[in-house]
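**Student:** The following block contains the structure, expressed as structure tokens.
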Amino acid sequence: MAAKNLRCGVSIRDFGAFNAPRTRAWLREVVPLSYSGFLGRAIFGLVITAQGLLAFGLITLGVIVSKWRAAPSVTLPLVFVELRRSGLRLIPMFAFMSAALGFAVIGQAVTQLSKYGATSMFLGNIMVLAVVRELGPLFTAMLVLSRSGTANVIELGTARAQGEVEALEALGVDPIHYFVMPRVIGMALGVFSLTIYFIMGALLSGYLWAFLQDVPLGPGDYFKQLADSLTVLDFVILAVKSSFFGIAIAVITCYHGLAQPLQLEDVSRATIGAVAQSIIACVLLDAVFILLYILI
Amino acid sequence: MNTPASNDTVPVIEMNGVVVGSLADPDRVVLEEVNWTVKATDYWVVAGMHGSGKTDLLSTVGGLTPPQGGSYRLFGYEMPIFDKERLGERLRLGLVFDNGQLLHQLSVKENIALPLRYHRHLSWQEVEERVKTIMELTGLSDVANARPSTLARGLSKRAGLARALMLEPEVLLVDNPLSGMDLRQAQWWVNILSELSSGHSFLHGRRVTIVVTAQDLRPWRNLDCHFAILKKQRFIPLGHRPELAGHTEPLVRELLAETATQP
């Protein structure tokens, strides 16, 4: 143990301690010995995972700050690879999904509002409330998670299982700098940009659907309603929230792929855990931002 | 104590009572009480049966797993030397894994270029010439753009050697280079390691300290090497070549078994 303390830098393999098989074996018990025991195990599991994720997130932040300028010729292309995967290549799917979301929100809103004869008065407000503030960022995060978040866990889990982390360490390359940093930056930028495109697409398609449903609302009025409902705070929160979603997904998927000793057969289990935890993390983050709206 | 003596007589690797943990599970002890001194330009062959802890020993020597106990000094520095300031010392040591351990998302060429590009901040054009030379030397020119998963095991391992040599290490740790190799491949490995040991043109004629692990001592027994075996969690130095032939240790006799043909 004394030797371990001598080690000043942090190795990604240190995280094995959180998930070493013998620490975890009792957490995997399916049949509860008693309900309190079952609950206790669940809570302990949650605490251990939260602790690991937090530590991993902080270490990643430390590496991003301290190695920001190290080896850009190697890491910058990796950022672009991630940006392409979590951004550019998702645009066709997002075009379709934004049209569908615009239709869903406007369709429902028109049906409800027409009962009160107020169809044309609140469409802009509803779009801002539903799409800009809530559905846009959350929907984008879920779609990016399902498309490239899962790919991250599988890719990194396989790399981990095949000893690539050790290979990088032997070459003096920090695995967090090489594997995690580009993914975090790429995904934050990707989710942020996609959210903007997604919201713009949904707002435009929303008008199109309203027009097709013969709502007596001119484009000028619609966009005026939108502009009136938006505040500066909306833009700030949108930017911060969507980037945070990207960072949370990247950190959680990388943690599950890299930070535990994996065999190839563990990769599917790691993916399931990463997806579930990413969704929970995004929803919790979203709740924090709703609090901000209430407080400010 | 973490300051090395300044003269050249400092051993490259100096282990006193080191307890080696497993790479897969660092809390499990694989070797106990390793007392071992490797001097600059030495050529060591460490042999042992399958599962005797050869890879774990090299992982500890290479700084991948911290020693569980005892004192280990590399170039006179107390190990493990993971912190940033010691990166220079760490890169003086190259590690070639049993199956190459290439990064699967990169091509063979990119794998080999990675250490130079990462540590020396060089562009692709600047490293290309060097990469080309090492690939010709290791017979990888034909598979330069292939993905590691499509390579035969022998070629993966050569790519691992090429990648380790790119940073021109002073010490080269090679894990089980001859496992699963045919006679010609085995001979290639023995030759290249001997050349590196006596000074290869790729490294400007500088002699490299080499530690090789093996499951079979026969290919090495005519070389001017130091020998050691791993047995029952012990590291047993056997001495130099002449002392090997008359050794009474049963495992040595087994590893030197005359029945099979020598490559």
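Just so it is clear, none of the values below were taken in a lab; they were calculated from the coordinates. As the structure is a computational prediction, the values presented were derived from the model and not from experiment. Neighbour counts are summed over all protein chains in view; Cβ atoms, including those assigned to glycine, are modelled from backbone coordinates with ideal geometry.
**Student:** So how far apart, in nm, are the two label points at B:ARG206 and A:VAL47 if each is 7 Å from Cα heading toward Cβ?
**Tutor:** Output for this residue pair reads 5.2 nm.
**Student:** Considering just Cα atoms, how many Å³ per residue does the convex hull of the range B:109-263 enclose?
**Tutor:** Per residue, the Cα convex hull of the range B:109-263 comes to 132 Å³.
**Student:** Express in whole angstrom the spacing between the alpha-carbon centres of the range B:161-203 and the range A:115-142.
**Tutor:** Spelled out, the Cα-based centre of one part sits 65 Å from the other.
**Student:** Could you give me the ³J(HN,Hα) list for the range A:164-175, computed from phi with Karplus coefficients 6.51, -1.76, 1.60 and θ = phi - 60°, whole Hz, x at Gly and Pro?
**Tutor:** 6, 5, 4, 4, 5, 4, 5, 8, x, 9, 6, x
**Student:** Report the charge-dipole magnitude of the range B:66-171 in Debye, nearest 20, computed about the Cα centre from +1 at each Lys and Arg Cβ and -1 at each Asp and Glu Cβ.
**Tutor:** Dipole size: approximately 200 debye.
**Student:** A follow-up question, please. Based only on other Cβ atoms within 10 Å, what is the fewest-to-most ordering of A:ILE59, A:ILE290, B:ILE112, A:ILE249?
**Tutor:** Final ranking by Cβ density, sparse to dense: A:ILE290, A:ILE59, B:ILE112, A:ILE249.
**Student:** Counting DSSP beta bridges in the protein assembly as shown, what percent are antiparallel, to the nearest 5?
**Tutor:** The antiparallel fraction comes to roughly 50 percent.
**Student:** On to the next question. Sort all Cα-Cα distances of the range B:103-168 into consecutive 5 angstrom bins from zero, then give the percent of pairs in each bin up to the one containing the longest distance.
**Tutor:** 3, 20, 34, 26, 12, 3, 0
**Student:** Tell me the label-point distance for the pair B:ILE236, A:TYR116, using the 7 Å Cα-to-Cβ offset, in nm and rounded to one decimal.
**Tutor:** Distance between label points: 9.0 nm.
**Student:** Continuing with this model, one more query. Say the dipole of the range B:127-263 comes from +1 at the beta carbon of Lys and Arg and -1 at that of Asp and Glu; which of B:LEU165, B:LEU196, B:GLN215 then lies farthest toward its positive end?
**Tutor:** Ranked along the dipole, the leading option is B:GLN215.
**Student:** Right, another one. If amide H atoms are built 1.01 Å from N in the plane of the peptide, which residues on other chains or at least 5 residues away come under 5 Å of the amide H of B:TYR77?
**Tutor:** none
**Student:** With θ set to phi - 60°, apply the Karplus curve 6.51 cos²θ - 1.76 cosθ + 1.60 along the range A:157-162 and write out the HN-Hα couplings as whole Hz, x wherever there is a Gly or Pro.
**Tutor:** With coefficients 6.51, -1.76 and 1.60, one gets x, 5, 4, 5, 5, 8 Hz.
**Student:** Per residue of the range B:112-119, what does 6.51 cos²θ - 1.76 cosθ + 1.60 with θ = phi - 60° give for ³J(HN,Hα)? Whole Hz please, x for Gly and Pro, Karplus curve as stated.
**Tutor:** Karplus values, whole Hz, x for Gly and Pro: 5, 7, 3, x, 5, 5, 6, 8.
**Student:** Only Lys, Arg, Asp and Glu count, each charged at its Cβ (+1, +1, -1, -1), so figure out the dipole size of the protein assembly as shown about its Cα centre, rounded to 20 debye.
**Tutor:** Roughly 320 debye for the protein assembly as shown.
**Student:** Would you please name the trypsin sites (Lys or Arg not before Pro) within the range B:22-85 that are DSSP coil residues with at most 15 other C-beta atoms within 10 Å of their C-beta?
**Tutor:** Those satisfying the criteria are B:ARG28, B:LYS39.
**Student:** What does the convex hull of the Cα atoms of chain B come to per residue, in Å³, rounded to a whole number?
**Tutor:** 134 Å³
**Student:** Can you list residues from other chains, or at least 5 along the same chain, whose modelled amide H is less than 5 Å from the amide H of B:ILE229?
**Tutor:** B:ALA47, B:ILE236, B:LEU238
**Student:** Taking amide H positions as placed 1.01 Å from N in the peptide plane, with prolines and chain starts having none, which residues 5 or more places from B:LEU95, or on another chain, fall under 5 Å of its amide H?
**Tutor:** Here the answer is B:LEU173, since their amide H atoms fall under 5 Å of that of B:LEU95.
**Student:** Another question, then. Give me the Kirkwood hydrodynamic radius of the protein assembly as shown, using the inverse of the mean 1/r over all pairs of distinct Cα atoms, in Å to one decimal.
**Tutor:** For the protein assembly as shown, the Kirkwood estimate is 26.7 Å.
**Student:** Right, next: Over chain A, what lengths in whole Å, largest first, do the semi-axes of the equivalent ellipsoid take, defined as the square roots of 5 times the eigenvalues of the alpha-carbon gyration tensor?
**Tutor:** After diagonalising the Cα gyration tensor, the semi-axes are 42, 23, 16 Å.
**Student:** Same structure, new question: Once you place label points 7 Å from the Cα toward the Cβ at B:ASP224 and B:ARG28, how far apart are they in nm?
**Tutor:** 4.1 nm
**Student:** A follow-up question, please. May I ask you to sort A:ILE43, A:ILE252, B:ILE13 by Cβ crowding, counting other Cβ atoms within 10 Å and putting the fewest first?
**Tutor:** A:ILE43, B:ILE13, A:ILE252
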